[in-house]
Amino acid sequence: MAQRRITPGLTDKTLVTKKHKFYSDLDLSFTPKLGTVDADGVRRGDIFKKTDVAAVKQSITTILLTNKPEKPFDPNFGADLRAFLFEPMADYSESVVNDIVRSAIEKYEKRVEVLDVIFTDLGIDKVIPSGVSTLSFWDNDMDRYSLLITVVVRILNTNETVSIDVNMNRLR
């Protein structure tokens with residue numbers, strides 16, 4: 001026969017609580033915090049960390065700015081968008097680059113849901129409409145070499161909607 005111990009003043013109800021998931025990553029600038037001085041006189045500090053929204057923004061920016069073979073032991077990591085800066089863009093439509101951005105984020109950043117990807121031509125400061133057959137980073141007439149990619153995501157643990165701007169540009 002099973003026995004049940006009941007503490008006076010407490011009920012035997014099960015309480016269910018929601019656990020808040022905390023996102024954190026290292027700050028990739030590796031800026032040290034001011035630490036304390038040890039016995040040997042050396043000041044030791046820790047590295048700052050990015051939390052929640054800042055961690056997700058840093059991660060998405062890293063994914064979009066990384067070329068495929070750059071990360072050791074994971075040659076498929078990244079969106080490989082910088083390769084487009086040096087190629088003729090006649091073969092790439094807005095939908096193709098949009099799919100590349102979405103698939104890279106969905107594959108490597110599980111903390112978000114991609115809601116929208118918006119391309120802005122910085123040479124004429126206009127949003128590129130979806131479905132355009134030629135997405136261009138460069139135009140001879142205006143001598144421009146840049147494109148602003150805005151990714152709108154929903155962070156899963158907070159349901160917060162955030163937009164991340166990544167400037168893709170080519171220097172001459």
Revision key, fill the gap. Checked the range 25-52 for anything in a loop (DSSP other than H, G, I, E, B), closer than 20 Å to Val162 by Cβ and either among the acidic types (Asp, Glu) or touching a Phe, Trp or Tyr at 6+ places or on another chain (Cβ under 7 Å) (or both); matches are Asp27
Point to revise | Subset of the range 117-170 (residues that are at pLDDT 70 or above, part of a loop (DSSP other than H, G, I, E, B) and surrounded by 13 or more Cβ atoms within 10 Å (Cβ to Cβ)) | key: Leu122, Ser130, Leu156, Asn157, Thr158
Check your understanding: Hey, among the residues in the range 17-62 that are closer than 28 Å to Asn76 by Cβ and among the charged types (D, E, K, R), which one's modelled with the highest pLDDT?
Key -> Lys57
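The values are calculated or read from the model by the stated rules, or taken from the named source; none is laboratory data. Computed from a predicted structure; not experimentally measured. All Cβ positions, even for glycine, are placed from backbone atoms using ideal geometry, and neighbour counts span all protein chains on display.
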